[in-house]
Ligand SMILES: *[C@@H]1O[C@H](CO)[C@@H](O)[C@H](O)[C@H]1NC(C)=O
Ligand SMILES: *[C@@H]1O[C@H](CO)[C@@H](O)[C@H](O)[C@H]1NC(C)=O
């Protein structure tokens, strides 16, 4: 009897975690995003199905390299609902990540998506950190063709280990995964987080906080 209750509770829990693990399921064939609608909903309002065109389901240009001439040496070309209106309500999107030699995609999280990534060109070090119970770093060097998964919400990063450009393609389990780049969000917020708070949080002198904030 007890074990039946346990099994039932487990099933209930498993079902709940599935239900909350991604964007809500669609209730129609499609709901092409109508970005011009003034109506605000969770997601984007549907365009009239009769006006939908093939182009609404198309994005062109993922063969093009992003410009990696920036401080970190990487560039993410996102194909999410903002770029591809037909993705609305489907709980999926993708991205191309270009890396300059030794470039990094700095530690960041996607609040709404798990990410699955494959290396198309080059050799990339990847890693993510588990939540505060352990803060364990899980890391791997990926070669061309390798596939790696970054669990939803966890802080992760990538680094090109090679002396050539590297390319990765990622799939994400949300039409709008969102991105929080840790350094930028914490030290480059608008307005700034008070320096004494960051000094205590990072256990450094207030001048160190000032120095980092000034970079963002
Ligand atoms: C990424 O590349 C695109 C296309 O070259 C460019 O317009 C954009 O400014 C780049 N973004 C960053 C952060 O460097
Ligand atoms: C890449 O971005 C840099 C910095 O913004 C800029 O100087 C350069 O012209 C860009 N290169 C291309 C090919 O657009």
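Nothing in this text is a laboratory measurement; each read-out follows from the coordinates by a stated rule. Treat the numbers as computed from the prediction; the structure is a model and nothing was measured. Note: ideal-geometry Cβ built from the backbone for every residue, glycine included; neighbour counts use all protein chains shown.
Enter the Cα centre distance for the pair region 48-84 and region 153-216, rounded to the nearest angstrom. Measuring centre to centre over Cα atoms gives 23 Å.
Computed from label points 7 Å out along Cα-Cβ, the spacing between residue 213 and residue 132 is 2.3 nm.
Take every pair of alpha-carbon atoms less than 8 Å apart whose residues are at least six positions apart; their mean separation over the length of the chain yields a relative contact order of 20 percent.
On alpha-carbon atoms, Rg over Rh for region 114-182 using Kirkwood Rh?
Working: Rg = 12.4 Å, Rh = 12.7 Å.
Dividing the radius of gyration by the Kirkwood radius yields 0.98.
Helical runs assigned H by DSSP (4 residues or longer) give the chain a calculated mean residue ellipticity at 222 nm of -6000 deg cm²/dmol, each run adding -39500 (n - 2.57) before division by the residue total. Taking the Cα atoms of region 16-91, the ratio Rg/Rh between the radius of gyration and the Kirkwood radius comes to 1.07.
Which of the peptides 199-206, 152-159 is most tightly packed, and how do the rest follow, going by the mean number of other Cβ atoms within 10 Å of each residue?
Working: 199-206: 12.0, 152-159: 19.4.
Highest to lowest by the protection proxy: 152-159, 199-206.
Give the Debye-formula value of log10 I(q)/I(0) at each listed q (0.09, 0.22 Å⁻¹), with one equal scatterer per alpha carbon of region 49-178, two decimals each. Listed by q, the Debye log ratios stand at -0.27, -1.31.
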